[in-house]
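The values are calculated or read from the model by the stated rules, or taken from the named source; none is laboratory data. All values reported here derive from a predicted model rather than from experimental measurement. Cβ placement follows ideal geometry from the backbone for every residue including glycine, while neighbour counts extend to all protein chains displayed. With ligands, DNA and RNA removed, areas are computed over all heavy atoms of the protein, side chains included. Shrake-Rupley method; radii C 1.70, N 1.55, O 1.52, S 1.80 Å.
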Amino acid sequence: MDVQSYQMNGNLYIGLWWKNSGQFESFTDLTVNLGNKLKPNEAYVKTFDENEGLLGFILKNQLGTLLPEKGYSGFNEYLKIAFDMERLKEFDPDGVKNYMESHAKAQNRSAKKKSAPER
């Protein structure tokens, strides 16, 4: 598992890896970046086509909780998940740490920008 952030807006990215002939290779992107503003632990997931069954995987492995909101892009519907960051830390401690630190820095920059007086 690989935890990072999307460069465009800092939203949570989770990629899944598999071991092939002793080497880890990318299996699929668990999350998608719809550009919506999300809480640090929230992300949309693609559960159709090649990602069919990922919701069951997430729930079975206690990686997150299904939220009632959905995201849309074109004709596709994406499920919103509140990921358990402590659980994700078990698989990628450095990735979660780096993601949370970068998210906190971005929040601080945003807060300073909002509180700065206009000229």
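Details
- Taking the criterion of being open to solvent by less than 100 Å² (accessible area, probe 1.4 Å) and over 17 Å from Leu63 (Cα atoms), the residues of the range 18-37 that qualify are Asn20, Gly22, Glu25, Ser26, Asn33, Leu34, Gly35, Asn36.
- Candidates Gly22, Gly15, Gly56, filtered to the one that is small (Gly, Ala, Ser), more than 24 Å from Lys97 (Cα to Cα) and modelled with pLDDT of 90 or more: Gly56
- Filtering the range 32-51 to residues that are under 18 Å from Gly95 (Cα atoms) and of a type outside the set (Asp, Glu) leaves Val32, Asn33, Lys39, Pro40, Asn41, Ala43.
- Phe75 meets each of the listed conditions (1) over 22 Å from Met100 (Cα atoms); (2) touching a Phe, Trp or Tyr at 6+ places or on another chain (Cβ under 9 Å) apart from (2).
- Among strands (runs of 3 or more DSSP E) entirely within the range 8-100, having at least 1 residues that are free of Cβ contacts under 8 Å to residues at least 60 places away in the same chain and over 12 Å from the mean Cα position of the chain (by Cα) singles out 12-20, 23-29, 64-73, 76-83.
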